1. For region 16-141, with only Lys/Arg (+1) and Asp/Glu (-1) charged at the beta-carbon, what is the dipole magnitude about the Cα centre, in debye rounded to 20?
2. Which residue fluctuates the most in the chain, going by a Gaussian network model with Cα springs under 10 Å, if the choices are Pro121, Pro48, Pro86?
3. Scan (i) 19.1, 70; (ii) 15.4, 48; (iii) 18.8, 60 for the value of Rg and Dmax of the Cα atoms in Å calculated from this model and give just the label.
4. What percent does the relative contact order of the chain come to when contacts are Cα pairs within less than 8 Å and at least six residues apart?
5. Stretched out fully, how many nm does the piece from Asn110 to Leu143 gain, at 0.36 nm a residue minus the Cα gap?
6. Could you work out which residue, out of Ala105, Ala54, Ala24, moves most in a Gaussian network model of the chain, that is, has the largest mean-square fluctuation with Cα springs under 10 Å?
7. Along the Cα-to-Cβ line of Ala51, 7 Å from the Cα, sits a label point; which residues in region 102-118 have backbone N less than 15 Å from it?
8. Work from the charge dipole of the chain (Cβ charges, +1 for Lys and Arg, -1 for Asp and Glu, about the Cα centre) and give the residue of Pro113, Leu40, Leu23 farthest towards its positive end.
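Derivation of every value follows stated rules applied to the coordinates shown; laboratory data play no part. These numbers come from a predicted model, not from an experiment. Cβ coordinates were reconstructed from backbone atoms using ideal geometry, including for glycine residues, and neighbour counts include every protein chain displayed.
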Amino acid sequence: MSEGLLRDTLPPRRIGRSIGAVLAGMFTGIVLTLGTDLVLHAARVFPPWGASMAGYDGALLVATIYRTIYGVAGSYIAARLAPHRPMLHAMVLGILGFAVCILGAVATWNGGPAFGPHWYPVALVVLALPTAWVGGKLRLAQLIAPSAS
């Protein structure tokens with residue numbers, strides 16, 4: 001008897017929508033980042049593809065800033081599209097980004113000056129989770145704010 005009542009009151013799990021929300025946020029961040037990278041390489045703000053990043057600290061600072069902004073946007077989209085628990089979806093994306101940033105840092109750490117200074121991958125690792133939290137928090141603020149209709 002109570003099992004039927006419990007089943008009727010709990011929302012159905014929407015794992016497909018949850019996965020889709022996280023993937024949409026990830027896709028947003030990746031597309032925006034790669035698009036900006038392409039533009040900055042074409043504008044010669046960045047060196048040609050495959051060339052050394054040594055001496056491009058200013059450009060790497062710009063990359064850190066826009067990747068942080070895009071990380072917030074991607075996490076916001078994951079939270080916005082989430083069928084429930086928007087902050088959880090944003091943070092799942094942040095954890096995935098954190099893992100990818102760690103892998104990138106490990107893969108390039110001893111690669112020499114061609115991969116730029118060590119502060120850059122460290123900054124990406126350090127910013128991954130706070131960026132996701134901000135994206136999720138933006139969505140939560142929308143849900144809490146009274147509607148203006």
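1. Details: 7 positive and 2 negative charges, 95 e Å.
For this selection, approximately 460 debye.
2. Checking each option, the largest mean-square fluctuation is seen for Pro48.
3. Checking each listed value against the structure points to (i).
4. The normalised contact order for the chain reaches 30 percent.
5. On the way: separation 33, 0.36 × 33 = 11.88 nm, distance 4.50 nm.
Roughly 7.4 nm would be gained on extension.
6. Checking each option, the largest mean-square fluctuation is seen for Ala54.
7. Taking a point 7 Å out along Cα→Cβ of Ala51, the residues of region 102-118 whose backbone N falls under 15 Å are 114-116.
8. Positive-end residue among those listed: Leu23.
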